[in-house]
Structures are given as structure tokens and as C-alpha cells.
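Before any comments, here is the structure.
The values are calculated or read from the model by the stated rules, or taken from the named source; none is laboratory data. Given the structure is predicted, the values throughout are model-derived calculations rather than measurements. A quick note on method: Cβ atoms are made from the backbone with ideal geometry, for glycine too, and the neighbour counts reach across all protein chains shown. To get the accessible areas, we keep the full protein, side chains included, count just its heavy atoms, and leave off ligands, DNA and RNA. Shrake-Rupley method; radii C 1.70, N 1.55, O 1.52, S 1.80 Å.
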Amino acid sequence: MNDTVIKDTYSHRAEEALDRYIKATNTHRFSEVENLLHPEAVYYFSDRTCSSIEEIQTYFEHAWSVVKDEVYRASDVNWLHLGEQQALCVYRFTYEGYVDGAFVTGHGRATNAFVKEDGRWLLIHEHLSGVPK
């Protein structure tokens, strides 16, 4: 696992913000993720809505405690909107790691909304869901 701290949150491109977010998630340190979140971020997970940084942190840390050594990836990223101050993308996500010592994998769909404030792209909304049957 890469232990490099994700410090540079200033970016001219929203696409770079998504890459930073994925890298921060894979550090398994919420402080890295939080550095990229808007203070009013809202997450829609398949089993819960988190509408505060504290709730988001609790959800992430619980997930990391269940799925050990998790690696999260984004693919098929489609930027639906790339504006000067807002950006919206959808993508497929995969994860892999270990639950109770057994290797597991999973996948689904994601929607991420970013806003640019004070020269920083911040994630303000994430919606994760399964793949329809």
C-alpha cells in the first residue's frame, strides 16, 4: 500500500481530483479522504446515507476494518459535466481485499459530484450502488 500523504488538493482539472480521491481512499487513512471532501458532503451508500463528515468517517473506517487491505479502483469514467466550478462523473468501481482472511471482490456504479472552492476541487457528493440484474 502506498503510504504517501495526498497533500496537493489544488488542481486545475476535476479529473485530477477524482484520481486524488481514489488514491486517498486506498491509503485507508480518513484524514487523507477528508482533505478532499467539501464540509457539506453527502454520501449515498447502498445501505445508508451519510450527511456529515463524522458519519462519512465512521462508514469508511468500518468498511476498512471489515475489508482488510482493500484496493478501490475506478474504471469507465464518464465526465457528464466539466465546468469551471462544478464537475460530475459516473464510473464503475471495483474493490478487493480480505474478509476474515478470505479474498473477496466486488463492484458497482458510482456518481461523484465535485465543486471548486478557493482553487480546490472538493467532493461534495458520492452515490454508490450495485449493478442492476
Let me confirm something: among 60, 103, 114, which residue is under 22 Å from residue 130 (Cβ atoms) and assigned to a strand (DSSP E or B)? 103
Starting from residues that are surrounded by fewer than 16 Cβ atoms within 10 Å (Cβ to Cβ) and without any contact (Cβ under 8 Å) to a residue 60 or more places away in the chain, keep the ones in segment 112-133 and report whichever is farthest from residue 59 (Cα to Cα). 118
Within segment 11-21, residues being within 17 Å of residue 95 (Cα to Cα) and crowded, with 16+ Cβ neighbours inside 10 Å number 3
Determine whether segment 61-71 contains at least one residue that is open to solvent by less than 50 Å² (accessible area, probe 1.4 Å), among the acidic types (Asp, Glu) and within 12 Å of the chain's Cα centre (by Cα). no
Filter segment 94-111 down to the residues that are among the polar types (S, T, N, Q) and surrounded by 11 or more Cβ atoms within 10 Å (Cβ to Cβ), then identify the one that is farthest from residue 34 (Cα to Cα). 94
Output the qualifying pairs, or none if there are none: Cβ atoms under 8 angstrom, residues six or more apart or on different chains, first residue in segment 76-105 and closer than 19 Å to residue 22 by Cα, second residue open to solvent by 70 Å² or more (accessible area, probe 1.4 Å) and not in a strand (DSSP E or B). none
Those residues of segment 79-93 which are open to solvent by less than 80 Å² (accessible area, probe 1.4 Å) and modelled with pLDDT of 95 or more amount to 79, 87, 88, 89, 90, 91, 93
Segment 77-95, residues that are assigned to a strand (DSSP E or B) and more than 15 Å from the chain's Cα centre (by Cα): 78, 79, 80, 81, 82, 86
